[in-house]
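The values are calculated or read from the model by the stated rules, or taken from the named source; none is laboratory data. Predicted model only: the values in this text are computed from it and were never measured. Positions of Cβ are generated from backbone atoms using ideal geometry, with glycine treated the same way; all protein chains shown enter the neighbour counts.
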Amino acid sequence: MLSFFLKRLAVVVPTFLGVTLITFSLIRLAPGDPVELLAGERGIDPARHAQMRAELGLDQPLAVQYGRYVWQLVHGDLGHSIVSKETVLSEFLTLFPETIELAVCAVTFAVVFGLPAGVIAATRRGTAVDHTIIGVSLTGYSMPLFWWALLLIMLCSVTLGLTPVSGRISVIYYFEPVTGFMLIDSWISGQVGAFASAVRHLALPTVVLGTIPLAAVARMTRSAMLEALGQDYVRAARARGVPKFQLMTVHALRNALIPVVTVIGLQIGVLLSGAILTETIFSWPGIGKWLIDSIARRDYPAVQGGVLLVAAVVITVNLLIDLLYGWVNPRIRHAR
Amino acid sequence: MRGKPVAIPLPRLGGPLARFWTDFRDNRGAVAGLMVIVVIVFTAIFADGLAPHPPNQQFRDALLVPPFWQAGGSLKFPLGTDDIGRDMLSRIIFGARLSLLVGATVVTLSLLVGVTLGLVAGYFRGVVDVAIMRLMDILLALPSLLLAIVIVAILEPGLLNAVLAVAIVVLPQYARLARAAVISELPKDYVSAAKVNGASPLRFMVITLLPNCAPPLIVQASLGFSTAILDAAALGFLGLGAQPPTPEWGTMLANALQFIVRAWWVVTFPGIAILITVLAFNLLGDGLRDALDPKLKR
């Protein structure tokens with residue numbers, strides 16, 4: 001297991017270094033001079049300009065600059081946002097729980113509805129029920145998220161008045177953040193209305209962000225179940241007279257879960273991409289909206305640090321999934 | 001006692017192409033997808049003749065006119081008009097042209113570059129392989145839309161840059177597929193035969209290997225159309241893709257949020273166009289996969 005871990009790590013470290021190279025080039029390739037960007041609209045006189053270039057190390061050779069950049073990264077220094085003057089890391093860490101909260105709810109939504117839908121479709125293969133589930137999930141899979149969000153706002157918020165249009169919680173509630181997760185914090189605060197408000201604000205973004213994972217889970221569950229149902233051990237169990245429900249859940253579903261879990265793991269990138277659109281539309285104060293706002297404001301240090309941290313999250317999650325597989329399935333661990 | 005006559009399925013005859021077509025034809029969803037795509041292509045080609053008005057013509061006396069079946073609507077603007085009096089239907093028809101163009105360009109670019117990278121990596125292995133595949137891993141480590149947004153932000157927003165960004169973002173999928181296909185084909189006898197016959201690497205890769213690696217790439221290319229159209233529309237929606245007044249479906253939705261209360265048609269129709277197009281390509285891709293992948297054949 002240790003050698004498997006080290007092998008995986010040997011792949012991850014160069015990948016991460018590569019990402020730092022991309023984020024490093026980002027600020028140098030972007031149009032505009034970084035010093036002028038820092039100075040903002042007021043402009044800057046030439047002497048101060050040269051001085052700032054020296055301070056920022058921009059007069060050094062690129063290799064030295066890159067080395068210094070990585071050195072700072074290793075020490076947790078991702079620079080300061082031009083707009084807020086806060087460190088990029090602290091901004092990211094403040095907003096990240098909001099995105100995690102949304103993503104976790106979206107995945108839960110996807111699994112709670114997608115898994116049963118896939119099982120039902122597989123057990124009724126070829127029937128109208130099966131065709132409907134396939135059709136609906138392919139439609140969900142093809143959905144332009146931003147339009148889906150607009151449509152749901154139009155229906156649920158404007159026409160029916162069920163949910164708020166945007167934001168995280170109604171402004172009338174206040175409580176000290178404890179965990180950074182609004183659902184948990186509002187629950188701890190003991191204000192029933194606050195919790196209800198947080199849930200109502202969460203509903204639509206969850207559905208929007210969860211739609212594509214939901215479709216992916218339903219499709220994968222269906223095909224994995226069909227494959228499992230054709231296996232000899234399921235036939236043997238059926239021959240032994242195992243009740244149908246038990247046959248489906250214990251014998252077929254458990255074995256079908258491996259590819260389904262893989263699909264859920266692969267959704268992390270999709271989720272973060274979707275979070276950018278979902279958060280922008282619903283004014284959700286998470287990483288996605290922050291990145292889009294930072295790009296619009298040309299706040300390059302924030303973009304640079306944000307992209308790097310998002311990549312770090314994706315790489316870490318993928319590494320953890322790989323390790324989990326290696327742990328669960330020895331065949332993967334010992335391959336090649 | 002004689003039972004009902006039983007239909008015995010005939011063995012399927014003909015060449016690989018005919019066999020593929022009979023398999024594909026059985027999949028009703030895929031055929032429907034193909035038909036929709038044909039209609040969209042037709043619409044795109046004859047947009048000038050089909051659209052009732054030029055896409056950017058503003059009818060100042062007809063702002064936010066509802067579709068014809070609603071009170072106040074007229075057949076002059078079948079799907080209504082937007083906030084500056086442009087005909088929705090005409091803009092959507094011209095949008096088909098852009099979306100197909102975006103899809104085709106992205107798929108061609110990413111297919112060419114991605115397959116080349118994958119072929120080279122799989123054929124030469126060693127350092128070249130490691131270098132190429134690590135580069136692909138780096139691209140995969142970033143969420144696709146975020147990477148595209150960053151690329152566009154560097155290159156300046158615009159349709160062409162959006163197309164480039166989306167093409168770069170999807171490269172790893174093609175490279176990985178091509179590499180995996182090459183590696184699984186290399187130990188086969190026909191490959192050894194070609195090598196013994198002294199085929200040059202280039203001839204060998206393009207003429208001998210590539211056709212045998214084609215099926216997964218064809219499927220991916222079809223699904224790639226939908227990804228490209230979706231991503232380009234998302235960039236347009238965020239204001240980073242095609243710029244107004246270009247009648248691009250995503251761009252048309254960019255400021256639709258403000259019309260949610262008073263003009264549902266401005267919000268609804270461009271999205272339906274995106275959804276139908278993407279769905280059609282996904283149906284086609286699924287059908288191609290079933291018809292081309294012998295493992296899934298019943």
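Within the stretch A:143-166, the set of residues being within 14 Å of chain B (Cβ to nearest Cβ), assigned to a loop (DSSP other than H, G, I, E, B) and in contact with a helix residue (DSSP H, G or I) (Cβ under 6 Å, 6 or more places away or on another chain) comprises A:Met143, A:Pro144, A:Thr163, A:Pro164, A:Val165, A:Ser166. Each residue in the stretch B:236-254 was checked for being without any contact (Cβ under 8 Å) to a residue 60 or more places away in the chain, more than 10 Å from chain A (Cβ to nearest Cβ) and over 20 Å from the mean Cα position of the chain (by Cα), and 1 of them qualify.
Among the numbered criteria (1) buried (at least 24 other Cβ atoms within 10 Å of the Cβ); (2) within 8 Å of chain A (Cβ to nearest Cβ); (3) out of contact with any Gly (no Cβ under 7 Å at 6 or more places or on another chain), which one does B:Thr277 miss? Among (1) buried (at least 24 other Cβ atoms within 10 Å of the Cβ); (2) within 8 Å of chain A (Cβ to nearest Cβ); (3) out of contact with any Gly (no Cβ under 7 Å at 6 or more places or on another chain), the lone unmet condition for B:Thr277 is (2). Residues that are in a helix (DSSP H, G or I), at pLDDT below 90 and at the interface with chain A (Cβ under 10 Å from one of its Cβ atoms) within the stretch B:255-274 comprise B:Ala256, B:Leu257, B:Phe259, listed in sequence order. Checking each residue in the stretch A:291-307 for being more than 9 Å from every other protein chain (Cβ to nearest Cβ) and closer than 17 Å to A:Thr94 by Cβ picks out A:Asp293, A:Ser294, A:Asp299, A:Pro301, A:Ala302, A:Gly305. Out of curiosity, is A:Phe181 within 21 Å of A:Phe96 (Cβ to Cβ) and of a type outside the set (Val, Ile, Thr)? For A:Phe181, the condition - within 21 Å of A:Phe96 (Cβ to Cβ) and of a type outside the set (Val, Ile, Thr) - is met. Counting only helices (runs of 4 or more DSSP H) that fall entirely inside the stretch B:125-188 and contain at least 2 residues that are within 14 Å of chain A (Cβ to nearest Cβ) and acidic (Asp, Glu), the qualifying elements are B:126-140. Among the candidates A:Thr94, A:Thr123, A:Thr127, A:Thr87, the residue that is in contact with a strand residue (DSSP E or B) (Cβ under 7 Å, 6 or more places away or on another chain) and not small (Gly, Ala, Ser) is uniquely A:Thr87. Considering the stretch B:144-183 alone, what residues qualify as being touching a Gly at 6+ places or on another chain (Cβ under 9 Å) and free of Cβ contacts under 8 Å to residues at least 12 places away in the same chain? Answer for the stretch B:144-183, where residues must be touching a Gly at 6+ places or on another chain (Cβ under 9 Å) and free of Cβ contacts under 8 Å to residues at least 12 places away in the same chain: B:Leu146, B:Asn161. Pairs are defined by a Cβ separation below 9 Å, a sequence spacing of at least 6 or placement on different chains, a first member in the stretch A:4-29 that is within 11 Å of chain B (Cβ to nearest Cβ), and a second member that is crowded, with 17+ Cβ neighbours inside 10 Å and outside any helix (DSSP H, G or I); the pairs so defined are A:Thr15/B:Ala141; A:Phe16/B:Ala141; A:Gly18/B:Ala141; A:Val19/B:Ala141; A:Val19/B:Leu142; A:Ile22/B:Leu142.
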